[in-house]
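Read through the structure below, which is laid out as C-alpha cells, and then see the notes.
Coordinate-derived values only; no laboratory data. Model, not experiment: these values are computed from the prediction. Cβ sites come from the backbone with ideal geometry, for glycine too, and all protein chains shown count toward neighbours.
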Amino acid sequence: MRLVGVLINFAESDPSAGPLLAAFRSALSKLGWTEGGNLRIDVRWGAGNPNSIRTLAKELVDLRPDAILGHNTAVISALARETRTIPIVFTVVLDPVGSGFAANLAHPGDHITGFTNNDPTMGGKWVGLLREIAPRTVHLALLFNPATGQAVQSYTPSVQAAARSFAVQASTAPFHTKDEIEGVIAAQAQNPGGGLIVPPDISNIVNRDLIIALAARYYVPTIYGDRLFAESGGLIAYGDDRADEFRHAAEYIDRILKGAKPADLPIQQPTKFELVINLKTQSGHPNALKLLMSASEGKTDADSHYGNHAQIASPLSTIGRKRMAKTLGSSPPHNNLAHKARLHGSHCHQRHDMHQRGIEPHTSN
C-alpha cells in the first residue's frame, strides 16, 4: 500500500477545507487509487498556525510517505525544511521560484513541484471589477500581511497600471496582527471614493469574517481574490479555481507514485478562473447585479482587465443553477448564495508561453 501525506493550511472545521480535500481524493480514485486498498492518505490540518505547521510537517515526514501534498507557501516552507528527498506537490503557492522551492517553472530541478496560483495580471482584473461595482472609486489599497503574503506584491504592478488607466490612486495596506486590520480598513473610509482589494493571502483568508464585517461597517467597496470570501458573506470574488488545482495535484501525485520525478514535472499556472457574487449581500449594490448580467452575456466594461475570453457557465435561472451544480460535480451552491457565476477560460498569453516552453497548461473538462 502506498502512503500519501497531506498538509492543508486550514482548520479541519473550516467549511472551505472539505471540498478541496474531496476534490483531491476523488481525482485519485478516478486514477485507480483506492483508500484502504492500494493507497493510504494521512491528512494534517495547519489552521494557519505557523507553530502547528512546523510540527505537523515533521510528523508527516517522519511517516516516510511516498509523496506529500502541501497547501500554500507556509506549508511548503515547513516541509522543505524537513526533507530533501520525499516528493512534494504543492497548490496555492504564489511564487515558487522566489520562495526557493524551484529553479524555474519549466524545470523545477528538485523534489518539489506543483500548481501555482500566481497570475500577475490578476491585480488589474480586480481593479476593473472594483470600478464596475463602485464607479466613484478614486483611491484603493491592497490588503495583506507581509509575514504571510510576501508574494502578494507580485500583483502590485498590474494593480498600479490598471489604477492609472482609471485615474485611481493605488497603494498597499499592510497589517501585521489581527488587531491592525480595522485601522487599515477604516483609513480607506476617511475620504470619499475609497476601495479595497483583498488578495488570497492566508492571513486574509483566516481573518475573512472580520475583514468582511469591517468592509461592511465602514462602507468600503471591496473585491476579494478568493471565492471563500463571497461564500462567507463578501459581495464579490474573482480568482483561480482552487478545487481544480487540487484535482490536478492528484494527477501529479499519481505520476510520482508511478515513477515520475518532481524535477521533470513543470510547475503550472492557473488556467481556470471563477467570478462569485453573493446575491444576498448584493442587495443595495445594483452595479454588482449589472456586472453579473453583463458577464452572463459575455461582456463587461472591464473586459480588458479581467478577460473577455471568459464564459459564464450558467444563466440566472433554476435550470442554470442545476447545471452549475453538475459542472461543479457537487451539491447546489452554498445556501447564502443565490447564484455563483463561474468564468472558465485562460489567459492567452499564459497558454502561449507554456506551449513555447513545452509545458501543457492544466485544463479541465
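Using alpha-carbon positions, what is the distance between the centroids of the range 136-214 and the range 74-115, in Å?
Their Cα centres are 27 Å away from one another.
Can you put HIS176, HIS139 in order, fewest other beta carbons within 10 Å first?
Values: HIS176 12, HIS139 15.
By the 10 Å Cβ count, ascending, the order reads HIS176, HIS139.
R0 = 45 Å: FRET efficiency of ARG81 with ALA187, Cβ-based, nearest 0.05?
Numbers: r = 37 Å, r/R0 = 0.81.
My answer for the efficiency is 0.80.
Which shape class applies to the range 1-80: rounded if a/c is under 1.5, otherwise prolate when a/b exceeds b/c and oblate if not, where a ≥ b ≥ c are the square roots of the Cα gyration tensor eigenvalues? Write down the numbers at each step before the final one.
Details: a/c = 2.32, a/b = 1.35, b/c = 1.72.
Oblate is the answer for the range 1-80, as a/c is 1.5 or above yet b/c matches or exceeds a/b.
Where a ≥ b ≥ c are the square roots of the eigenvalues of the C-alpha gyration tensor, would you call the range 1-146 rounded, which needs a/c under 1.5, or, failing that, prolate if a/b is larger than b/c, or oblate? Walk me through the numbers on the way to the answer.
Values: a/c = 2.00, a/b = 1.74, b/c = 1.15.
Prolate, since a/c reaches 1.5 and a/b exceeds b/c.
At ALA263 and SER171, where each label point lies 7 Å from the Cα along Cα→Cβ, what is the point-to-point distance in nanometres?
Here the answer is 4.8 nm between the modelled labels.
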